[in-house]
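Asker: To start, I am sharing the structure in question, which I have written as structure tokens.
The values are calculated or read from the model by the stated rules, or taken from the named source; none is laboratory data. Computed from a predicted structure; not experimentally measured. For neighbour counting, all protein chains shown are included, and Cβ atoms are generated from backbone atoms with ideal geometry for every residue, glycine included. SASA here: full protein model, heavy atoms, side chains in, ligands and nucleic acids out. Shrake-Rupley method; radii C 1.70, N 1.55, O 1.52, S 1.80 Å.
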Amino acid sequence: MPAVSVIRLQEQITTLIGRLSHPMDFYRALTDFLETYGDHAYRAGERVTGESILPSYHVPPLVWRQLEVSLAQAARRFPQRTLDVIPLLWEAEYREPRHIAAWMLGHVPLSESSAVVEMLQRLVSLDVDWALLRVLLDKGTLTLRKEGEEPLLRMLETWLNREQPMYRKAGLLLCEGLVADPAWENLPAIFRLLQPLVEKPEPAWLNDLLIVLQNLAQRSPSEVSFFLKQILSRSEENPLTARLVRKVASSLPVEMAENLRKSARSSFPKTG
């Protein structure tokens with residue numbers, strides 16, 4: 001596509017934001033904007049693993065970054081308007097509007113944390129592919145991670161304790177994202193929330209739980225080793241817990257891994 005005029009681009013984005021008070025007008029204007037700057041000559045090869053199944057406009061990085069910067073500012077200035085438009089964007093047939101929905105949600109001020117949590121719960125309950133769910137949890141929780149740890153952890157605990165598989169999945173994906181975030185320092189809270197799931201794991205979310213624990217093992221191996229030994233010392237014999245411990249042990253340093261395996265064999269002799 002032709003070279004992008006930064007001045008013209010900013011004018012278009014400013015006009016777009018001016019329509020934020022009318023959700024449908026904003027949605028249509030955003031769609032026109034993405035169509036204008038999308039790479040219609042793009043020919044995708046095989047879909048990248050972990051990428052959403054939805055089609056993409058393939059907007060150039062320069063345009064996308066400027067759009068993100070301006071929409072983040074708009075979300076901070078106009079939180080209620082932003083919250084009103086997000087459900088429309090999240091139901092779009094293309095990836096970019098959904099990414100924008102998550103991005104803007106993540107920049108709504110902390111003063112609206114209750115509304116943000118409510119919106120996250122609403123969007124998580126919808127039928128969505130895992131790639132988009134990960135985008136929602138990574139981008140849509142940005143302000144909560146930085147400034148609203150308490151409401152974020154309350155939401156996470158609620159999700160992990162709910163019976164609906166979608167919420168359990170979302171909760172474990174969010175745990176995974178928090179562990180991967182170097183700025184997130186409250187690992188003890190993650191261990192506390194994971195404890196009942198490790199003590200009584202279920203096949204439906206065993207693999208998601210394993211991924212979180214493996215990532216924790218990479219970030220803080222000694223804490224993971226201690227955590228799992230404590231669980232082994234007080235848990236009833238459970239083949240799934242034993243299996244989980246053995247798999248996590250493979251992600252630990254050699255000496256820690258062997259000590260953990262010994263603990264597992266001692267606690268669960270029939271499964272070790």
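Asker: Counting Lys +1, Arg +1, Asp -1, Glu -1, what net charge surrounds residue 197 among other residues with beta carbon under 10 Å of its beta carbon? Intermediate results must be reported in sequence, preceding the final value.
Answerer: Numbers: positive: 168, 200; negative: 199, 202, 208.
Combined, the nearby Lys, Arg, Asp and Glu give -1.
Asker: Please report the carbon-and-sulfur percent of the accessible area for the chain; probe 1.4 Å, protein heavy atoms only, DNA, RNA and ligands left out.
Answerer: Of the solvent-accessible surface of the chain, carbon and sulfur hold 50 percent.
Asker: What does the helix-only formula give at 222 nm for the chain: each DSSP H stretch with n ≥ 4 adding -39500 (n - 2.57), the total divided by the residues, and the result rounded to the nearest 500 deg cm²/dmol? Working shown, then result.
Answerer: Values: 15 runs with 190 residues, N = 272.
It comes out at -22000 deg cm²/dmol, rounded to the nearest 500.
Asker: If each residue of separation counts as 0.36 nm, what is the full-extension length gain between residue 5 and residue 51 once their alpha-carbon separation is subtracted?
Answerer: On the way: separation 46, 0.36 × 46 = 16.56 nm, distance 2.98 nm.
Taking 0.36 nm per residue and subtracting the Cα distance, the gain is 13.6 nm.
Asker: Between residue 21 and residue 150, what length in nm is gained on full extension when 0.36 nm per residue of separation is reduced by their alpha carbon distance?
Answerer: 43.4 nm
Asker: If N is the number of residues in the stretch 129-272, what value comes out of its Cα radius of gyration divided by 2.2 N^0.38 Å?
Answerer: Dividing the Cα radius of gyration by 2.2 N^0.38 Å gives 1.04.
Asker: Tell me, what is the 1.4 Å probe accessible area of residue 51, in Å² to the nearest 10?
Answerer: 70 Å²
Asker: For every other residue with a beta carbon closer than 15 angstrom to the beta carbon of residue 253, add +1 if it is Lys or Arg and -1 if Asp or Glu, then tell me the sum.
Answerer: Its environment carries a net charge of +1.
Asker: Summing +1 for each Lys or Arg and -1 for each Asp or Glu, what net charge is found among the other residues whose Cβ lies under 15 Å from the Cβ of residue 229?
Answerer: Here the charged neighbours net out to +1.
Asker: Using a 1.4 angstrom probe on the protein heavy atoms only, could you order 110, 193 from most to least accessible area?
Answerer: Highest to lowest solvent-accessible surface, that is 110, 193.
Asker: Among 33, 211, 99, which residue has its Cα positioned farthest towards the positive end of the charge dipole of the chain, with +1 placed on the Cβ of Lys and Arg, -1 on the Cβ of Asp and Glu, and the dipole taken about the Cα centre?
Answerer: It is 211, whose Cα lies furthest towards the positive end.
Asker: Just the number please: accessible area per residue for the stretch 85-175, 1.4 Å probe, all protein chains included, in Å². It would help to have the intermediate numbers written out before the result.
Answerer: Numbers: 3680 Å² over 91 residues.
Per-residue accessible area for the stretch 85-175 comes out at 40 Å².
Asker: Under 4 °C and 1.567 mPa s, how fast does the chain diffuse according to Stokes-Einstein, given a Kirkwood radius computed over C-alpha pairs? Answer in µm²/s, whole number.
Answerer: 63 µm²/s
Asker: Just by accessible area at a 1.4 angstrom probe, what is the order of 99, 22 from largest to smallest?
Answerer: 22, 99
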